[in-house]
Amino acid sequence: MKLKLPPSSQNWISLIGATIAVISLFMIIFLFSVTVVLEQRAAYLGLVIYILLPAVMIVGLILIPLGMILKIRKEHKTGKIEKTIWPKIDLNNLQHRNAFFVFSIGTSVFLFLSAIGSYEAFHFTESNTFCGTLCHSVMHPEYIAYQNSPHAKVACVACHVGPGANWYVRSKLSGLYQVYATTTNIYPRPIPTPVENLRPARAVCEQCHWPQKFYAYSINYQTHYLSDKENSPWNIRLILKIGSEHPALGLMEGIHWHINPHVKVEYIATDKTREKLAWIRFTNLESGEVKIFEDENNKLDQAQLDTLEVRTMDCIDCHNRPSHLYNAPSLFVNTEMRAGSIPSDLPDIKSVTMNLCSNDYPTMDSAMVHIQKYILKYYRENYPDVFSNKRDLVDKAITGFQSVFSKNIFPEMKVRWNEYPNHIGHLEFNGCFRCHDGAHSTDQGEAIRRDCNLCHLINAQGSPGEMEETDVNVSLEFKHPVDIGEAWKESLCTDCHTGLNP
């Protein structure tokens, strides 16, 4: 039996709208079935299913009543039907009754599917796939670094958005400009940090990390390889004072003292990367004691003190690259050599890889090609015996270096270790020395100490077989792997170390 509908529905605009809506609905159902049955979770497929196709379907549904209204208005003008203030719905009229039930059932189905779609769209926009791969060229470096970080199993939104609807809405609104910038290709390369208006770390990090339950001491064992022919190894073992010596003392001392709930540390940075801290205020919340430390080499005047942001120190002020860390070549090459991915018995391999990292490449593909050609040429010309008899080591070095290079340096986005300062430590970036440089002092002459033993104890150092060792709670005086006399005591590590040093 033919379904009879009101004459007003019989127009091209409504017909086109109905066709668009039906086709979009069936495409949504089909593609959704594909994702469920075949477990296809591609970012662009999710974008089509949960955002683009529903938008097209809604446009089609809007066209149906729009066409009916336009036809009724046209018939009013020609006098074919009587003009009324409100439309008439007569359920005794078969056409009206059919239209009513089509509208009611269709609306119910649409609302039900919209509820499911909205729920899936919400989860899709919160997924790591959406965050990391949708804007592939923009977020590729961050996504790769995230996948190789300690937080690889933590959802992106757990840190970038956190709990609560308020910050979810704010994040989506701020993302509108990001979508525009990506679409029009006007985004900066590299993406600047720190991210503006990021949610306070204590509202995010402390969802998992309970400050009062940090470990006490931790052992850190590192192997550095020098840039000589033998790639001479230099080992150092540190006792890191993450917390107090005894766990029962909590955060009364040690590195994490800075977030002790009984103290408050505030600072003023004079640069966007928060590398230069000119003014620091310490407040003991129990006693009320207040101390202000100023950088004697960069004192602020009253106008600057009144206008610059006073920031309260939190986790991110030290752990500023918790999930998107781009390691310096000296670190990632040392790590791969220690793991054996880059053979340490291949002569000059440390200096060769450091030279390769100092170059700028237009693309990742060009970098991979140049790395292979350079290493092959170097050993063919400088070590022909090694090239002939140990070609497998040369090939292994190429593969291992290419792999670790591609996880830390991204030419297309101009992402390198020196673009994103890492505030943990003090070797390639000032990190701890932003405050603990001996130059920040109060008016009474009390300075923030620059003392190695504040944060760690060196209880072993030296070349294999010639290690100098001591007891756990006794610190050795640092011995530089290369003899530079007392210069290391008089300058900051960053005065020499750029990330391309051993």
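The values are calculated or read from the model by the stated rules, or taken from the named source; none is laboratory data. Predicted model only: the values in this text are computed from it and were never measured. Virtual Cβ from ideal backbone geometry, glycine too; neighbours counted across all protein chains shown.
Can you work out which of the residues in region 485-502 that are without any contact (Cβ under 8 Å) to a residue 24 or more places away in the chain and among the small types (Gly, Ala, Ser) is farthest from His426 (Cα to Cα)? Before you say what the answer is, go through the steps one by one.
First pass over region 485-502, keeping only residues without any contact (Cβ under 8 Å) to a residue 24 or more places away in the chain: 485-491, 495-496.
Okay, now just the ones that are also among the small types (Gly, Ala, Ser), so 485, 487, 491.
Numbers: Gly485: 20, Ala487: 16, Ser491: 12 Å.
Among those residues, the one meeting the criterion is Gly485.
Kindly evaluate Ile89 against the criterion of being modelled with pLDDT of 70 or more and either on the phi > 0 side of the Ramachandran plot or loosely packed, with under 14 Cβ neighbours inside 10 Å (or both).
On the way: modelled with pLDDT of 70 or more: yes; either on the phi > 0 side of the Ramachandran plot or loosely packed, with under 14 Cβ neighbours inside 10 Å (or both): yes.
Here the answer is yes, as Ile89 does meet what is asked.
Looking at this structure, is Gln222 of a type outside the set (Asp, Glu), modelled with pLDDT of 90 or more and outside the structural domain of His160 (by TED's automatic domain parsing)? Steps first, answer last, please.
On the way: of a type outside the set (Asp, Glu): yes; modelled with pLDDT of 90 or more: yes; outside the structural domain of His160 (by TED's automatic domain parsing): yes.
Judged against the criteria, Gln222 is a match.
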#### Entry: Lone unmet requirement of (1) exposed (fewer than 14 other Cβ atoms within 10 Å of the Cβ); (2) over 27 Å from the mean Cα position of the chain (by Cα) for Leu238
(1)
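The rows are residues; the columns are (1) touching a helix residue (DSSP H, G or I) at 6+ places or on another chain (Cβ under 7 Å); (2) surrounded by fewer than 18 Cβ atoms within 10 Å (Cβ to Cβ); (3) among the polar types (S, T, N, Q); (4) without any contact (Cβ under 8 Å) to a residue 60 or more places away in the chain.
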site	(1), (2), (3), (4)
Val333	yes, no, no, no
Glu336	yes, no, no, no
Ser344	yes, no, yes, no
Ile349	yes, no, no, no
Pro362	yes, yes, no, yes
Met368	yes, yes, no, yes
Ile371	yes, no, no, yes
### Elements of type helices (runs of 4 or more DSSP H) contained in region 106-219, each with 3 or more residues being at pLDDT below 80, of a type outside the set (Ser, Thr, Tyr) and out of contact with any helix residue (DSSP H, G or I) (no Cβ under 9 Å at 6 or more places or on another chain)
165-183
### Message
Would you confirm, using the coordinates I've provided, whether Ser330 is in contact with a His (Cβ under 7 Å, 6 or more places away or on another chain) and hydroxyl-bearing (Ser, Thr, Tyr)?
### Response
no
